[in-house]
Amino acid sequence: MKLNLQSWIAAILALVLNIVVTTALLWVQLPGIMPKAKPLPPDMRTPGLFWDFYVPELDRVMTHLKTARLEFDKKAAMVDNDQARVNAEKEELAKLKAEIIRYRQELTDRILDVKASEQRNLKSLAVTYAAIEPDSVVKIFNEMDDALVAKIMIFMPPDTAGPIFQAMATAKDKNGNPLADRAARLSEYLRLSQTKEKTKTE
């Protein structure tokens with residue numbers, strides 16, 4: 001019985017000794033087994049961080065994020081520039097449209113306001129052109145501006161002005177452009193003139 005107890009004690013002592021020796025060996029050899037982390041370069045260290053080692057993957061991710069942010073800022077700036085250019089073009093078109101409307105109104109007023117001193121000459125021209133073939137009258141009108149043509153046609157009776165408009169609708173100017181648009185403009189001027197005269201008499 002005494003012999004068995006001594007055997008157990010010896011076995012336990014041997015086991016404890018083995019554990020101690022193994023632990024000591026691992027503790028000595030552990031630095032050589034585990035790779036050491038590279039310390040961050042001095043210029044990359046950020047105050048307040050609790051680590052100072054360098055991780056290449058993290059650095060690549062940060063670089064990618066910075067590049068993506070720069071690209072985003074660049075595209076955002078381009079969008080802002082495009083929007084500013086569109087707004088400027090809209091303002092320019094609005095100004096141009098207003099200028100065209102103003103010019104058209106001035107031209108209309110100039111056509112419709114026939115002075116008394118002009119009426120005699122205009123009536124004489126209207127009578128003269130009424131005796132000419134419509135095609136020839138259209139060719140003569142091609143050398144005049146819309147204001148003068150409209151003033152003359154104001155004093156023409158409908159049976160004289162009608163054939164002239166018909167000939168103008170199918171004719172072309174000296175540059176080969178159709179005169180249909182001009183016929184429409186002149187018709188509108190005559191309509192406005194009749195409306196204005198009717199308003200005066202009322």
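Longer than 31 Å from Cα to Cα, which of 95/123; 97/151; 151/174; 123/174; 90/139; 151/172 are they? Say none if no pair is. Walk me through the numbers on the way to the answer.
Values: 95/123 39 Å; 97/151 26 Å; 151/174 22 Å; 123/174 26 Å; 90/139 40 Å; 151/172 21 Å.
Over 31 Å apart, Cα to Cα: 95/123; 90/139.
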Notebook entry, point to check: Among 165, 72, 141, what is the fewest-to-most ranking by other Cβ atoms within 10 Å?
Noted result: 72, 165, 141
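If neighbour count is taken as other Cβ atoms inside 10 Å, put 152, 19 in order from fewest to most. The partial results should precede the final answer.
Numbers: 152 24, 19 9.
Ascending number of Cβ neighbours within 10 Å: 19, 152.
Quick note: the coordinates plus some simple rules give every number you see, no bench work behind them. In this text, all values refer to a predicted model and were calculated from it rather than measured experimentally. Every residue, glycine among them, receives a Cβ derived from its backbone with ideal geometry; neighbour counts consider all protein chains shown.
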